[in-house]
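Undergrad: Pasting a structure here, questions to come.
What follows draws every value from the coordinates through simple rules; no lab data is involved. Everything numeric here is computed off the predicted structure, so don't read it as measured data. Neighbour counts are summed over all protein chains in view; Cβ atoms, including those assigned to glycine, are modelled from backbone coordinates with ideal geometry.
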């Protein structure tokens, strides 16, 4: 069975909610839409206080090419355009909408019927995806249409769908595959048409045998889509790792991107969003979110409107346990601790994980014993101990030479470190600093 | 005999040619370093802190000599050595020393444990730059001191220390040379270099929170809410309010301390002043009752 070649770790899977069907969560009383829900320029609000919006009304316009518009997920009145503490932990501009009723914008097909015929040209599909505000649903939130327009000189040869879901605890993609397999396959063929490629792969880790079986059966009608079962290993869901695992090509160091070796990688949730955007005329304002944790009485998967506060999901999953010490947006490996439970669900919120005191406590940092476990674990072939030390010493020139920009911040090094060193904290610091230096240098040229 | 002679002559010839080449090179490619640079560098403190804005003491010495040739030493100051060193430098260069006011680092945050409640726990690497990149910090203030002590680590003169009681850094004004290392190290730009002032006296707005009044008011008991009262009472136009934050220009401030009294949140501090004499002539009962005009900033609720 295929997997990526170097590094990787095996964290406990803890897929507590894998057997729970997707439930539709009720409407919130007030929905909050941060204006920067994606990588790139923040969107600009086009509504003001008192405006009446419907479900699917565009409330913020894309702020540039690498950006995406934002749509209201509820109907009601705009309360204010203010700030909210989002998943980053800082106050960011956001639109508040008071919910009244549930009135949808015309032109959105709300039926569950499967639509498979599409007469649009590739350019029209890309335009539709762009106008629907679809971004990568895996967590990085890179605008989908940008990936479909490869930079000059690069030619896409295949679309790889990331259905790996290698993060422990999360099951949103898994459930989506079990419940909407046909829609996903149509979404994949739309992505292939838009990218003008002939071949599509769906990479699934073999801890989801039911999804592999179901999609393999359904994909018989799609001769050019291949289901690729993959050996379980974290971080297989990383773009570069997935390209390595599925088509055995290695993406060079940045600024190279997967399309430099001919692959366009999209999340399985994105494929579903593309299907809804193109075939149903429905912009991106809903997503499946996993709410999970060992102390939680009922870990579940919810189809959630964007802008819903996380507290509502936690309440629907059995209420906030008393011993909660950390609320994490996303999975335990790459997720970020949140400031409070009022943080709204955004396009990239794949999960909410509650950790109790014991799980959340970070072990005390000990001196490095030079065991090089981090070097063996790094899926990018870097030397995490060295990068962390250089970052601590602020040796930015050397750390750039040691290829810090290749780090994908997967946390494998920190996970495997027997001395519990805060490797990723320091590497991330070094990476952001060097990134700033490189940008400044390029701006000078 | 013949062999020895050949060896002596050939070696001698090689030596002669090399000597000529070396002599020509030494004349042709000679670097004429101004002797004064070395002299100036000698009187500098050799801390190589970069506080003067040049790469180390040698760089500063070179810049001084250049400036002297251009006519004036204005703007050149070694913050570590201060006026005495600059006088020596001026003497070497045969110039007159330009008096520059000494400066000192000021930590503009008073978010102590009592003033600014802890709302969450930070358990990452103990480093301000990382804490700042990760999230808002242990309190809800996105602008205030993070308390991990990057400034303490940056100081080469042992002049800034963490106060364990308040969780804030404190500057030892005797030791501070205003080199600016802590200013650069602080990821939230809380520390500023300000003129020391007469007897070290100065008025400082101890807050850098740029949030709107209600938000700033909620997160900290002594935050600036940009109510503008200080700017109104100031007779010297020293106080400006920009981006929801008051700022006292040290050059214009005449130390009247009226703003300190006017500030409803005790954000403005008078530093190094003797304790106030208790006022006897004002009878509290005669004071007119404060009428709320609805804009009372301390009562703003969110």
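Undergrad: Considering only DSSP beta bridges where both residues belong to the protein assembly as shown, give the percentage that are antiparallel (nearest 5).
TA: About 70 percent, rounded to the nearest 5.
Undergrad: Return the single residue from A:14, A:119, A:298 with maximal mean-square fluctuation; model: Gaussian network over chain A, springs between Cα atoms under 10 Å.
TA: A:119
Undergrad: What is the spin-label model distance, in nm, from residue A:216 to residue B:101 if the labels are put 7 Å beyond Cα along the C-beta direction?
TA: Calculated label separation equals 7.9 nm.
Undergrad: Take the Cα coordinates of the range B:36-93, assign each an equal point scatterer, and use the Debye formula without solvent to give log10 I(q)/I(0) at q = 0.19, 0.22, 0.30 Å⁻¹.
TA: Here the Debye-derived log intensity ratios amount to -0.53, -0.74, -1.50.
Undergrad: While we're looking at this one, here's another question. Using only Cα atoms and rounding to the nearest 10 degrees, what angle (0 to 90) does helix B:2-28 make with the longest principal axis of chain B?
TA: 40
Undergrad: Taking 7 Å along the Cα-to-C-beta vector as the label spot, tell me the residue B:235-residue B:163 distance in nanometres, rounded to one decimal.
TA: Once both label points are built, they end up 3.2 nm from each other.
Undergrad: Also, I was wondering about something else. If each residue's Cβ is checked for other Cβ atoms within 10 Å, how do A:243, B:171 rank with the fewest at the top? Present the calculation step by step, with values, prior to reporting the outcome.
TA: On the way: A:243 27, B:171 19.
Arranged by neighbour count, lowest to highest, A:243, B:171 become B:171, A:243.
Undergrad: For labels at residue A:113 and residue A:52 in the simple 7 Å Cα→Cβ model, what's the distance in nm?
TA: Output for this residue pair reads 3.0 nm.
Undergrad: Where is the GNM fluctuation largest for chain A (alpha-carbon springs, 10 angstrom cutoff): A:201, A:90, A:234?
TA: Residue with maximal mean-square fluctuation among A:201, A:90, A:234: A:90.
Undergrad: Given Cα pairs under 8 Å that are at least 6 residues apart, what percent is the relative contact order of chain B? Write out the running numbers ahead of the final one.
TA: Working: 458 pairs, mean separation 41.6, N = 302.
Once normalised by length, the contact order is 14 percent.
Undergrad: What is the antiparallel percent of DSSP beta bridges lying wholly in chain A, to the nearest 5?
TA: Numbers: 36 of 60 bridges.
Of those bridges, close to 60 percent are antiparallel.
Undergrad: Apply 1/(1 + (r/R0)^6) to the Cβ-Cβ distance of residue A:250 and residue A:152, taking R0 = 25 Å, and write down the FRET efficiency to the nearest 0.05.
TA: Result of the calculation: an efficiency of 0.65.
Undergrad: Can you sort A:59, B:37, A:345 by how many other beta carbons sit within 10 Å, fewest first? Can you show the working numbers first?
TA: Details: A:59 23, B:37 19, A:345 30.
The most exposed by this proxy come first: B:37, A:59, A:345.
Undergrad: Could you calculate the FRET efficiency of residue B:273 with residue B:87 from 1/(1 + (r/R0)^6), where r is the beta carbon distance between them and R0 is 30 Å, rounded to 0.05?
TA: With a Förster radius of 30 Å, E is 0.50.
Undergrad: When a footprinting reagent is the concern and you count Cβ atoms within 10 Å, what order do A:113, A:395, B:69 take, fewest first?
TA: Least crowded to most crowded, the residues run A:113, B:69, A:395.
Undergrad: For chain A, calculate the relative contact order in percent as a whole number, restricting contacts to Cα pairs under 8 Å that are 6 or more residues apart.
TA: About 19 percent, as a whole number.
Undergrad: Helix B:82-93 against the longest principal axis of chain B: what's the angle in degrees, Cα atoms only, rounded to the nearest 10?
TA: 30
Undergrad: Taking the Cβ-Cβ separation of residue A:82 and residue A:294 as r and a Förster radius of 30 Å, what is the calculated FRET efficiency to the nearest 0.05?
TA: 0.25
Undergrad: For the range A:46-121, give me the percentage of DSSP beta bridges that are antiparallel, rounded to the nearest 5 percent.
TA: Just about 95 percent of them are antiparallel.
Undergrad: Could you work out [θ]222 nm for chain A from helices alone, using -39500 (n - 2.57) per DSSP H run of at least four and dividing by all its residues? Round to the nearest 500 deg cm²/dmol. Walk me through the numbers before you get to the answer.
TA: Details: 14 runs with 128 residues, N = 445.
Result for chain A: -8000 deg cm²/dmol, rounded to the nearest 500.
Undergrad: Hey, another quick one. In µm²/s, what is D for the range A:149-302 at 10 °C and 1.306 mPa s, where D = kT/(6 pi eta Rh) by Stokes-Einstein and Rh is the Kirkwood radius from Cα pairs?
TA: It comes out at roughly 99 µm²/s.
Undergrad: Looking at the square roots a ≥ b ≥ c of the eigenvalues of the Cα gyration tensor of chain A, which shape do they give, rounded for a/c under 1.5, prolate if a/b is larger than b/c, or oblate?
TA: Because its axes are fairly even, with a/c under 1.5, chain A counts as rounded.
Undergrad: Any chance you could check the Cα centroid distance between the range B:58-75 and the range A:210-278 for me, in angstrom?
TA: Here the answer is 63 Å between Cα centres.
Undergrad: Whole Å is fine, so just give me how far the alpha carbon centre of the range B:86-130 lies from that of the range B:214-264.
TA: Comparing the Cα centres of the range B:86-130 and the range B:214-264, I get a distance of 21 Å.
Undergrad: Continuing with the same structure: Between B:232, B:210, B:198, where does the largest GNM mean-square fluctuation fall for chain B, given springs only between Cα atoms within less than 10 Å?
TA: B:198
Undergrad: Rounded if a/c is under 1.5, else prolate if a/b beats b/c, else oblate: with a ≥ b ≥ c from the C-alpha gyration tensor eigenvalues square-rooted, which is the range A:373-444?
TA: Prolate is the answer for the range A:373-444, as a/c is 1.5 or above and a/b outweighs b/c.
Undergrad: I would also like to ask the following. From other protein chains only, count the Cβ atoms within 10 Å of every residue's Cβ in B:121-133, then give the mean.
TA: 5
Undergrad: Then there is this: Tell me whether the protein assembly as shown comes out rounded, prolate or oblate; compute the Cα gyration tensor, take square roots of the eigenvalues as a ≥ b ≥ c, and use a/c under 1.5 as the rounded threshold.
TA: Note, shape of the protein assembly as shown comes out oblate.
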